[in-house]
Structure formats: C-alpha cells, structure tokens
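The values are calculated or read from the model by the stated rules, or taken from the named source; none is laboratory data. Keep in mind the model is a prediction, meaning the values are calculated, not measured. Don't worry about glycine lacking a Cβ; one is built from the backbone with ideal geometry, like all the others, and counts go over all protein chains shown.
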C-alpha cells in the first residue's frame with residue numbers, strides 16, 4: 001500500500017472515534033479499497049487495524065458490496081493464517097469500516113523488493129498461504145486477487161507466520177450469494193502480474209484453481225526474484241498469462257539450486273488449463289514437500305510399470321552375442337533457412353523498430369531498487385531505455401522506506417527523481433504498572 005504525504009500529516013480521521021468505540025491513532029496505509037488506521041477500542045484499550053471505505057465510494061453499490069464481501073469472507077473461514085475480522089459497522093457520518101486484528105511485520109511484496117528468497121523460506125511461506133486458501137476453498141470461497149501485497153508476514157516463535165489479507169473480490173458460494181457472475185465493471189479481476197489465464201480471458205465462472213495458479217506465480221517469483229511474465233503494459237501481461245509458457249524456474253535463476261520436485265510443482269500450478277493443475281491447494285502444498293511423479297506420467301499407471309519390469313527381466317535373461325561395431329550414423333545438417341522476400345513492396349513495408357527514449361532515474365535517498373513492469377533493473381541512480389509512447393510502470397523500493405510506483409509514457413529523453421518516505425514505526429504499547 002502506498003502512503004500519501006498529505007494523508008500522513010493531515011488525515012481528517014486521526015483523532016476521531018469511529019462508531020463511538022474505535023479511537024483513530026494514526027494512518028497505517030492507503031490501498032485501492034480503503035485507508036487503514038491503527039485505532040484503540042475505547043472500552044478495552046486494545047489496538048486494532050481499522051479499514052475505512054474512502055469518501056465518495058460509500059454510495060457506490062459495487063464498492064460497498066466488495067467491502068462487505070471482504071468482511072464476510074474472512075469471518076466465514078476463521079483460520080490462523082487468515083487475518084481476523086472483529087467487526088463491520090458504519091458511523092453517524094455513514095462511513096463503512098472493518099475492524100481487524102493489528103499485525104506487526106511486513107507484506108511479502110516488501111520482502112521481495114530485496115530479491116529472491118532462499119528456497120526453504122519461499123516454500124514455507126507458500127505452504128502457509130496454501131493452508132489458508134485451502135480453508136477458504138473448503139468454505140466455498142475463492143480469493144481471486146492473491147498477490148504479494150495480500151500476504152502479510154508476522155513473526156511467531158522466531159519464524160515467519162503468514163496472514164492472508166483482502167478478500168474484497170473473493171467469490172462466495174452460498175445459498176445467500178449463489179454462484180454470481182461478475183458485473184460488467186468487474187469482468188477482469190485480479191492483478192495482471194499474478195492473474196490466472198481464465199481471469200485474463202474474462203471468464204466469469206472460475207473456481208479454486210485460479211488461486212492455485214496465482215500462488216504458483218508468487219512462488220515462482222520468490223525462488224527466482226522475478227515473476228514468470230512481465231510486459232510493457234497490462235494487455236501484454238494478460239496475453240502472456242493466457243498464451244505463453246513460462247521459463248522453467250531453474251533457467252531463470254541458475255544460482256538458486258531449485259530442487260526438481262519444486263520446479264515440477266510450480267510448473268504444474270502454472271498450467272494454462274485449470275484441469276491440468278493440482279486438484280486442490282492441499283495437493284500443491286504436498287508436492288512441495290518432496291519428490292513427486294511428473295503429473296503427465298501418472299495416467300500411465302500400473303500397466304507401464306509392469307511392462308517396464310518385464311522388459312528389464314527379458315533384457316537380463318536373454319542370451320547376448322558380442323556386439324558388432326556399427327558405423328556412426330551420419331545425420332545430415334539441415335539446410336540453412338533464410339526468410340527473405342523477393343517482393344520489394346513487401347520489404348519496404350516492414351515495420352521499423354520502435355524508437356527508444358532514455359530516462360534517468362534517481363531517488364532520495366539513493367540506492368533504491370528499481371523494477372520496470374515487475375522486472376528488476378538495478379539501484380538508483382541508473383538510466384533506462386523505454387519505447388517511445390508505450391506505457392511502463394516503474395517501482396522504487398528501499399528497506400525502511402515506503403515503495404513508490406509511477407506510470408510513465410516516454411515521449412522524449414527525461415529524468416525522474418522520487419523522494420521516498422520513511423515507514424512510520426509502530427508505537428510501542430504502553431507499560432502497565434500495577435500498584
């Protein structure tokens with residue numbers, strides 16, 4: 001979530017009491033579906049995180065429905081790896097808000113800003129996330145917007161402990177909700193870097209396997225440092241998720257020492273056809289535990305095994321003669337293929353290469369990691385070459401500071417300098433003294 005400079009210093013809700021019970025202490029962050037505050041319960045003295053629907057959206061039915069869905073989904077599941085929802089209410093000024101447990105830590109997106117994770121660490125995060133989503137799927141709920149920003153990492157017994165957030169665009173199957181189609185404004189949901197092929201194609205009816213795909217993308221990024229697909233804009237990302245096969249993780253990151261069974265599990269989770277993925281999130285997590293049989297070979301079953309045993313026995317028992325020396329087979333080299341048109345008109349109409357524009361990037365303080373459309377490029381200061389007139393997303397991140405994201409459409413050589421804002425440290429709890 002991005003912080004707004006003005007919001008940090010002059011937020012009108014800081015100091016207010018929501019619903020007569022939750023005294024707002026400070027702004028924690030700002031997201032697409034609300035502003036999140038730390039608030040203290042006036043009777044209990046306990047701190048909570050309160051998410052408030054922004055002004056101007058409370059009168060929009062689709063926004064209020066999404067907000068309500070987030071509260072209902074999380075409370076329906078009640079799993080240790082899903083953020084706990086305490087209350088959903090509105091105040092006298094008709095502000096809708098959700099009260100949640102207050103978490104201390106960082107989201108996975110901030111962790112990934114520093115690069116790829118050790119494979120064991122990445123697998124543990126993926127398994128805890130998978131456990132949470134399996135519980136959601138068992139309750140008939142599909143998240144549909146799983147991304148690193150929605151995976152929060154706290155600490156428990158000195159180890160990472162996952163909390164899954166934001167079920168705002170989840171799909172609930174229940175007698176009350178049925179199996180709803182998406183609205184016209186919601187036909188493509190999810191974040192393009194992590195969207196499943198079926199959501200990228202705008203398919204309205206999706207099931208739990210869309211979450212399996214998203215977790216596969218996230219695990220791919222955790223072990224390689226980059227998502228499987230990047231692009232100059234959202235349309236390119238949607239196309240790649242729907243049509244292109246990902247590089248094997250071991251080819252993307254040869255130094256990561258990725259076990260073969262982990263690579264096999266990730267690639268199976270990233271199958272374009274949902275029927276070719278794991279049947280459940282539980283199966284995906286189990287495949288990360290140890291070696292697995294390649295899923296395409298499983299259908300061969302016992303007959304293939306029996307045939308292999310018979311062939312092996314026959315080979316051992318069959319009398320053999322001394323091998324003859326055979327000449328090496330000569331495989332002719334394929335003729336060189338050149339694609340050249342004899343039509344001068346066709347040659348003259350070839351599309352010229354896109355013109356590149358140089359953009360100088362810097363940050364205050366310097367040394368921030370820079371990624372272009374999800375692909376890490378280096379640290380500031382640095383220069384990037386962008387295609388003229390093509391939209392690109394540039395993200396700046398630095399440990400201890402809040403990430404900044406900018407969309408650029410380069411038209412001429414230019415420079416961009418961003419000023420990063422420090423993360424607001426959480427206020428320590430008061431020391432209670434008993435007399």
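For residue 55, the conditions (1) over 28 Å from residue 131 (Cβ atoms); (2) at pLDDT 85 or above all hold with the exception of (2). Might you let me know whether the range 300-315 holds any residue that is modelled with pLDDT under 95, loosely packed, with under 15 Cβ neighbours inside 10 Å and assigned to a loop (DSSP other than H, G, I, E, B)? No - not one qualifying residue is present in the range 300-315. Scanning the range 108-122 for residues that are touching a helix residue (DSSP H, G or I) at 6+ places or on another chain (Cβ under 7 Å) and either buried (at least 20 other Cβ atoms within 10 Å of the Cβ) or assigned to a loop (DSSP other than H, G, I, E, B) (or both) yields a total of 5. Under the condition of being outside any loop (DSSP other than H, G, I, E, B) and either at pLDDT 85 or above or loosely packed, with under 14 Cβ neighbours inside 10 Å (or both), the residues counted in the range 350-369 number 9. Of all residues in the range 228-247, those satisfying the criterion of being surrounded by fewer than 22 Cβ atoms within 10 Å (Cβ to Cβ), part of a loop (DSSP other than H, G, I, E, B) and in contact with a helix residue (DSSP H, G or I) (Cβ under 8 Å, 6 or more places away or on another chain) are 230, 231, 246. A single entry from 164, 142 fulfils the requirement of being over 13 Å from the mean Cα position of the chain (by Cα) and crowded, with 22+ Cβ neighbours inside 10 Å: 142. The residues listed here are 394, 417; of these, the one that is crowded, with 20+ Cβ neighbours inside 10 Å and in a strand (DSSP E or B) is 394.
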